Amino acid sequence: MQERALDDVFADIEQHQDESLQRLFDYLRRPSISAWGEGIGEVADYIAGVLDRIGLSAQIVPTSGWPMVLARSEPVPGTPTVMIYGHYDVQPPDPIEEWISPPFEPTVRDGRIYARGVGDNKGQHFANILAIESLLRVRGALPCNVLVLLEGEEEVGSPHMPEFVREHRDLLDADLVITCDGPVDESGRSMLTFGVRGVLSFELRATGANRDLHSGNWGGVAPNPLWSLVQLLATMKDAQGTITIDGFYDSVRPLGDLERAALDNLTVDIERVKQSLGLRDLDQPLDRGYFERLSAWPTFTINGFHGGYGGQGSKTVLPHEGIVKCDMRLVADQTGDEVFAKVVDHVARHAPDVEVVRQGSMDPSKTPLDSPFAAPIAEGITIAQSARPLIVPALGGSLPDYVFTRDLGIPAFGVPYANADESNHAPNENLEVQRFFMGIRTGAAMLDRLGAMGKGD
């Protein structure tokens, strides 16, 4: 059995558990908040040093924003090159008062590590770094070629990833990329994901008079910018859940047979989901499958509606301006540029006085389920965890995987290690201790199985 072939590596991982935990704590104690620019350079230097010390050749590559950390193994001829992607930046810890223990002082409670970044994503990519170290320590060489790419701007939307990839293609000569980020399925089972949705964020801004007005003196005389926005929004999505912007769905790639079969294999207790959220129904259209919604369909979300008086009691005011903050989750083969252009055209036709302000975007990504790398990755997960992973065509959230699949032309896979309730982006972010160790085992087993397939395969 292949599991027996990894007994020596798994034993080494277990032998070094206490040391591995303390080294993770040392990493987590170092703030690296990209939104604030706090600690970014110091942590990039730190993790590059860790990669050097375990036997890789690491370098810090500047960008127009925060730097990338890139490390490469010694060549292993005849095997594929696996890129391990992660991000060393973390979310701000606010609100601080809701943390039970300080966000940058790792604490273990009830079998979980609590710290900012432990699940998203320091703990997960550090598990892969320790997997590489264990393979080198036990075997003296890796089973395949490995690149480690750690980004410092993922938590602010990866704005410089496309530029970095364009300028440094020669450094990124990989056959596939694996990202270990996000939570496992709510059932606790591991997942092998093949894509992510993209995201487009924008504001709609309407103005009326040059100041707020008395609604009795000016109502019916001066236009109300909030009504302008309400009426515009009503032309953009109907009550049945269909986004009615001309051409919005034109580029949406239909589900293939393998993808539809994989989605049909995923299970969820809809009644429990509704009960936990206090919902009577899911969003329209009601006949659309739960996982199909998250994997295969784009969305249009109103994130916030701002304008006029929102305080206690009433104030008979006619607002002079209004702003709606929106996002759209995109699916293959939509792009942020294409969809934003359609939004602008729609607004120009229906509400020409409303301004559309783009906030940012990240394109979707999708890898074919029949990729030759899928089977060895799934086998590695199964060997390490004694259970086969769920096959998920695409996640509902967003990652910069499009720079790999579209710009580099290589398949991208996601293998999350964190518990489903990791509270990433929230106070008391956590990672189960045993899931951290399982991540080390899984990282080692995936590399072992990918190396066994050979370059030609």
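The values are calculated or read from the model by the stated rules, or taken from the named source; none is laboratory data. Just so it is clear, the model here is predicted, and its values are computed rather than measured. Here the Cβ is made from the backbone with ideal geometry for all residues, glycine too, and neighbour counts use every protein chain on show.
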- Item | Residues that are surrounded by 18 or more Cβ atoms within 10 Å (Cβ to Cβ) and either over 22 Å from Ser32 (Cα atoms) or more than 15 Å from the chain's Cα centre (by Cα) (or both), drawn from region 391-400 | Ile391, Val392, Pro393, Ala394, Leu395
- Take Gly380 and decide whether it is at pLDDT 95 or above and out of contact with any strand residue (DSSP E or B) (no Cβ under 7 Å at 6 or more places or on another chain). yes
- Within region 23-46, is even one residue assigned to a helix (DSSP H, G or I), touching a residue at least 60 places away in the same chain (Cβ under 8 Å), surrounded by fewer than 17 Cβ atoms within 10 Å (Cβ to Cβ) and assigned by TED's automatic domain parsing to the domain that holds Thr179? yes
- Is region 209-231 home to any residue that is surrounded by fewer than 19 Cβ atoms within 10 Å (Cβ to Cβ), in a loop (DSSP other than H, G, I, E, B) and touching a Ser or Thr at 6+ places or on another chain (Cβ under 9 Å)? yes
- Message: Condition check: buried (at least 20 other Cβ atoms within 10 Å of the Cβ) and of a type outside the set (Lys, Arg). Does Val118 satisfy that?
- Response: yes
- Quick count over region 406-429, residues being more than 17 Å from the chain's Cα centre (by Cα) and within 22 Å of Val90 (Cβ to Cβ), is 2
- Query: Quick one: in region 330-388, which of the residues that are small (Gly, Ala, Ser) and under 13 Å from Leu192 (Cβ atoms) is surrounded by the fewest Cβ atoms within 10 Å (Cβ to Cβ)?
  - Reply: Ala387
- So, of the residues in region 354-407 that are polar (S, T, N, Q) and assigned to a loop (DSSP other than H, G, I, E, B), which turns out to be nearest to Ser190 (Cα to Cα)? Ser386
- Six or more apart or on different chains, Cβ under 9 Å: which pairs go from a residue in region 234-261 that's at positive phi to one that's assigned to a loop (DSSP other than H, G, I, E, B)? Could you list them? Gly241/Asp283; Gly241/Gln284; Gly241/Pro285; Gly241/Leu286; Gly241/Arg288
- Query: For region 47-90, how many residues meet the condition of being under 21 Å from the mean Cα position of the chain (by Cα) and assigned to a strand (DSSP E or B)?
  - Reply: 10
- Message: Given the criteria aromatic (Phe, Trp, Tyr), surrounded by 12 or more Cβ atoms within 10 Å (Cβ to Cβ) and in a strand (DSSP E or B), does Phe291 qualify?
- Response: no
- Task: Please verify whether region 100-118 includes one or more residues that are within 13 Å of Leu149 (Cα to Cα), charged (D, E, K, R) and touching a strand residue (DSSP E or B) at 6+ places or on another chain (Cβ under 9 Å).
- Result: no
- Message: Can you find a residue that is touching a residue at least 60 places away in the same chain (Cβ under 8 Å), among the small types (Gly, Ala, Ser) and either assigned by TED's automatic domain parsing to the domain that holds Lys325 or within 16 Å of Tyr88 (Cβ to Cβ) (or both) anywhere in region 135-155?
- Response: yes
- Message: Return the residues of region 238-268 that are loosely packed, with under 11 Cβ neighbours inside 10 Å and not in a loop (DSSP other than H, G, I, E, B); say none if nothing qualifies.
- Response: Asp257
